[in-house]
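The values are calculated or read from the model by the stated rules, or taken from the named source; none is laboratory data. Being a predicted model, the structure only gives us computed values, none of them experimental. Here the Cβ is made from the backbone with ideal geometry for all residues, glycine too, and neighbour counts use every protein chain on show.
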Amino acid sequence: MKLNTFLFLATTLVMAASCGTKPKQSENLAPNVHKVTTEEVIQSSNYTYLRVKEDGKESWIAIARQEVMVGQTYYFEPSIEMANFTSKELKRTFPTILFVAKFSNAPIIAAEKFAISDPPKGKQAAVPREGLKISPAVNGITIGDLYAKKDLYGGKTVKIKGEVVKFNAQIMGKNWFHIQDGTKNNEDFDLTVTSAAEVKVGDIVTIEGVVELKKDFGAGYSYDVIVEEAKLVP
């Protein structure tokens, strides 16, 4: 083979490889965004479990239940990572899995990332429920009281009545929901609660649990005030 013919073929192969592999940077992806291809999809009642591949490495992620196609490209921002997570419904333990809140079939680009303000750590993304006015539980306190005197209530068991405004099932082995009662302290009006109990958005519930301050679960999930291991009480 002549030298100039060899050089022409080598150059052509390099150009073809470059065109076939599009670097992430050229898509202007937001920081920490992962671009993956789905290898396996498992559906459950509330979640879709995905085995994905990125740069030749496979991993598992979980998203809110939705239709996902095997072999397609998707984008996500990592959220909470769990080790040895067991899905009771699937009767399966994942050595490690990421619970993902932001998942898309379109690139999550930097412009989009910074055009929308993310809620500060430990702050609610919800808005106050207009006209909401719920009387405190017997021997209970209000959400406004809790935030106003959080240092006093830290580590103690409290009883609070409120309306469920958001619910997420079985993340890190527990249910997460937010309640409001119409009270607030400065800009704090929304309380995050973890519990084994299942509730629905719109339910009026009375919870009893332990107040934790400055709780950090990692992956950007930290709370100035959270009520943990709450039970529903009359």
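If you go through the range 1-55 and keep only what is at pLDDT 50 or above, of a type in the set (K, R) and exposed (fewer than 15 other Cβ atoms within 10 Å of the Cβ), you end up with just K53. Taken together, the residues in the range 56-85 that are surrounded by 13 or more Cβ atoms within 10 Å (Cβ to Cβ) and of a type in the set (S, T, N, Q) amount to 3. Between V193, V227, V199, V158, the distinction of being modelled with pLDDT of 90 or more and farther than 29 Å from S44 by Cα belongs to V158 only. Go through I171, I179, I160 for me and flag whichever is touching a residue at least 60 places away in the same chain (Cβ under 8 Å) and over 17 Å from the mean Cα position of the chain (by Cα). That would be I160, the only listed residue that is touching a residue at least 60 places away in the same chain (Cβ under 8 Å) and over 17 Å from the mean Cα position of the chain (by Cα).
I need a count of the residues in the range 132-154 that are assigned to a loop (DSSP other than H, G, I, E, B) and touching a residue at least 24 places away in the same chain (Cβ under 8 Å). So the answer is 9. Would you check if V227 is closer than 14 Å to T157 by Cα and either aromatic (F, W, Y) or assigned by TED's automatic domain parsing to the domain that holds K166 (or both)? Spelling it out, V227 is indeed closer than 14 Å to T157 by Cα and either aromatic (F, W, Y) or assigned by TED's automatic domain parsing to the domain that holds K166 (or both). Of the strands (runs of 3 or more DSSP E) lying entirely inside the range 59-103, the ones with 3 or more residues being within 15 Å of E39 (Cα to Cα) are found at 73-77. P234 passes every criterion in (1) surrounded by 15 or more Cβ atoms within 10 Å (Cβ to Cβ); (2) in a loop (DSSP other than H, G, I, E, B) apart from (1).
Per-residue answers, yes or no, for (1) among the hydrophobic types (A, V, I, L, M, F, W, C); (2) surrounded by fewer than 20 Cβ atoms within 10 Å (Cβ to Cβ); (3) not in a strand (DSSP E or B):
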residue: G162; (1), (2), (3): no, no, no
residue: F167; (1), (2), (3): yes, yes, no
residue: E198; (1), (2), (3): no, yes, yes
residue: V205; (1), (2), (3): yes, no, no
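As a summary of the residue check, I207 satisfies the conditions (1) farther than 29 Å from Y47 by Cα; (2) modelled with pLDDT of 95 or more except for the one numbered (1).
Of the residues making up the range 188-198, one or more are over 20 Å from the mean Cα position of the chain (by Cα) and not assigned by TED's automatic domain parsing to the domain that holds S45. When K91, K102, K113 are checked against the criterion of being basic (K, R), at pLDDT 60 or above and within 16 Å of F76 (Cα to Cα), a single residue qualifies: K102.
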